1. Output yes when any residue across the range 77-86 is under 12 Å from the mean Cα position of the chain (by Cα), among the β-branched types (Val, Ile, Thr) and either surrounded by 10 or more Cβ atoms within 10 Å (Cβ to Cβ) or at positive phi (or both), and no when none is.
2. Can you tell me which residues in the range 69-98 are aromatic (Phe, Trp, Tyr) and in contact (Cβ under 8 Å) with a residue 24 or more places away in the chain?
3. Looking at the range 1-21 only, could you name the residues that are out of contact with any Phe, Trp or Tyr (no Cβ under 7 Å at 6 or more places or on another chain), hydrophobic (A, V, I, L, M, F, W, C) and in a loop (DSSP other than H, G, I, E, B)?
4. Answer yes or no as to whether Phe46 is more than 13 Å from Phe105 (Cβ to Cβ), touching a Pro at 6+ places or on another chain (Cβ under 9 Å), without any contact (Cβ under 8 Å) to a residue 40 or more places away in the chain and not in a loop (DSSP other than H, G, I, E, B).
5. When Tyr40 is evaluated against the numbered criteria (1) of a type in the set (Ser, Thr, Tyr); (2) in contact with a helix residue (DSSP H, G or I) (Cβ under 7 Å, 6 or more places away or on another chain); (3) at pLDDT 85 or above, which criterion, by number, is the only one it fails?
6. Cβ-Cβ below 6 Å, separation at least six or inter-chain, first residue in the range 26-37 and surrounded by 10 or more Cβ atoms within 10 Å (Cβ to Cβ), second not in a loop (DSSP other than H, G, I, E, B): which pairs?
7. If you check Ile61 against the conditions, is it surrounded by 16 or more Cβ atoms within 10 Å (Cβ to Cβ) and assigned to a helix (DSSP H, G or I)?
8. On the given criteria, is Asp84 in a loop (DSSP other than H, G, I, E, B), acidic (Asp, Glu) and in contact with a Gly (Cβ under 9 Å, 6 or more places away or on another chain)?
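The values are calculated or read from the model by the stated rules, or taken from the named source; none is laboratory data. Predicted, not measured: the structure shown is a model, and the values here were computed from it. Neighbour counts are summed over all protein chains in view; Cβ atoms, including those assigned to glycine, are modelled from backbone coordinates with ideal geometry.
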Amino acid sequence: MYRAVERKADDNRGITSDDFKSYFELNKRPKMPRGVKKDYSKDPHFYGVSSFLKKEIVEQIMKFPNPNKKLAVGYVYKEGGPQDTNKGKQHVCWWLFEGADVSGFF
């Protein structure tokens, strides 16, 4: 699984739970197409953490809007929390249990 994490070019610290926060935890709203009104708070994916099955998808996403991102690589594991995989979009939404260990990501 691949995930973009915010890092400056010279920041090489390890991956932590702070790198695995949902939009809800970050107090952010998902981007919606102009004119589309949706109550995103009713979508369970709003409370999960996004990642992708293909590295190329994250590499494309990392270019926009913030070039100060790095690629984290690792595996979803059932003890970390439930997940939903959309194979068509190559997207994984992971709802991490409190205190879940993400140290396997690098």
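1. no
2. First, the residues of the range 69-98 that are aromatic (Phe, Trp, Tyr): 75, 77, 94-95, 97.
Within the range 69-98, Tyr75, Tyr77, Trp94, Trp95 qualify.
3. Within the range 1-21, Ala9, Phe20 qualify.
4. On the way: more than 13 Å from Phe105 (Cβ to Cβ): yes; touching a Pro at 6+ places or on another chain (Cβ under 9 Å): yes; without any contact (Cβ under 8 Å) to a residue 40 or more places away in the chain: yes; not in a loop (DSSP other than H, G, I, E, B): yes.
It is true that Phe46 is more than 13 Å from Phe105 (Cβ to Cβ), touching a Pro at 6+ places or on another chain (Cβ under 9 Å), without any contact (Cβ under 8 Å) to a residue 40 or more places away in the chain and not in a loop (DSSP other than H, G, I, E, B).
5. Here Tyr40 meets the rest and fails (3).
6. Final answer for the pair search is Pro30/Tyr23; Pro30/Tyr40.
7. Working: surrounded by 16 or more Cβ atoms within 10 Å (Cβ to Cβ): yes; assigned to a helix (DSSP H, G or I): yes.
Taking the combined requirement at face value, the residue satisfies it.
8. Values: in a loop (DSSP other than H, G, I, E, B): no; acidic (Asp, Glu): yes; in contact with a Gly (Cβ under 9 Å, 6 or more places away or on another chain): yes.
Judged against the criteria, Asp84 is not a match.
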